[in-house]
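The values are calculated or read from the model by the stated rules, or taken from the named source; none is laboratory data. Nothing here was measured: the structure is a model prediction, and the numbers come from that model. Quick reminder, even Gly has a Cβ in these numbers, built from the backbone with ideal geometry, and neighbours come from all protein chains shown. Surface areas here come from the heavy atoms of the whole protein model, side chains and all, with no ligands, DNA or RNA. Shrake-Rupley method; radii C 1.70, N 1.55, O 1.52, S 1.80 Å.
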Amino acid sequence: KFNYAKGHGFAAERGNNLADVLKGKNATVVGDDNAKNGPDRKIINRNGEVTLIQDKHYSNASRSVSAAFDEETGLYRYMDGDGKPMQLEVPADQYDKAVEAMAKRIEEGKVPGVTDPNEASNIVRKGKLTYQQAVNITKAGNIDSLKYDAKNGTIVALSAMGISFVLDFALCKFNGLDNKEALKEASLNGLKTGGYVFATYVISSQLAKTGLPAAMAPMTDAIANNLGKGLSEAILQIYGVETAEL
């Protein structure tokens, strides 16, 4: 999705969500269901309350805010099940002007159920990324892109390290090693596995942001055609890819 024309919007959703996850928040991206006027992100707070968030990352604050209003009615489009406005997450460098733009819309009666312009700062949410950083994440070979992939890679690598450690420790004990030796062996193997997974993740993510996938499409199509639909679908299902609409 990062390679789409508006890929920086998807990058912003995931970049902001990753930042919240790394801060210990129970945050998830939910916008992939493409529900009309639905949220892009959801945070379940420690008190059990849910914060619904819509991300808009356009080139300036006016466009980012305007995109959240219906073109026909002029009203704010993103309301939760209780009729309250979802938070509108904008680029960090647009926040102040976005609050001003939202306050003006409230004064004009364009935000259902909200009459106090001061509420604009509660509706507009300051993203963790600037507009340019979101754009950079969609491209390979820059600091913002590498930092994003490295953070994701670290999460994946830590999971792999944990699984590797548990399995290796159990096998070492099964083979008769004492706790000290089993711990040493499992730790070393876990580090090797984590390092390999981290490097693989970052490199593959960077390559995916180049023209390589498109360049390889004819070759992969030819392989799929030779394998046949049944075998191709079986392989995809092994990796959790939905094939019902293929």
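List of remarks:
- Greater than 21 Å apart at Cα, pairs in Lys1/Lys126; Lys23/Lys97; Lys36/Lys56: Lys1/Lys126; Lys23/Lys97
- Proximal aspartates and glutamates to Lys139, defined as alpha-carbon separation beneath 15 angstrom and excluding residues fewer than eight positions away on the same chain: Asp149
- In the range 1-45, the chymotrypsin sites (Phe, Trp or Tyr not before Pro) that fall in loop regions by DSSP, at most 16 other Cβ within 10 Å: Tyr4
- Net charge of the neighbourhood of Asp70, taken over other residues with C-beta under 14 Å away and scored Lys/Arg +1, Asp/Glu -1, is +2.
- Percent antiparallel among DSSP beta bridges (both partners in the range 1-128, rounded to 5): 60
- Cα-based radius of gyration for the range 1-40, normalised by 2.2 N^0.38 Å, reads 1.22.
- Contour minus Cα-Cα distance for Leu183 and Asp82 (0.36 nm per residue): 31.1 nm
- For the range 1-97, the Kirkwood hydrodynamic radius comes to 14.1 Å, computed from all pairs of different C-alpha atoms.
- Near Glu119: Cβ cut-off under 12 Å, other residues only, Lys/Arg at +1 and Asp/Glu at -1. The net charge is 0.
- Using 0.36 nm per residue and subtracting the Cα-Cα separation, the extra length available between Thr210 and Asp32 on full extension is 61.8 nm.
- Computed from label points 7 Å out along Cα-Cβ, the spacing between Ala170 and Asp70 is 5.5 nm.
- Heavy-atom accessible area per residue - the range 1-75, 1.4 Å, Å²: 56
- The order of the peptides 68-75, 94-101 by mean Cβ neighbours within 10 Å, most packed first, is 94-101, 68-75.
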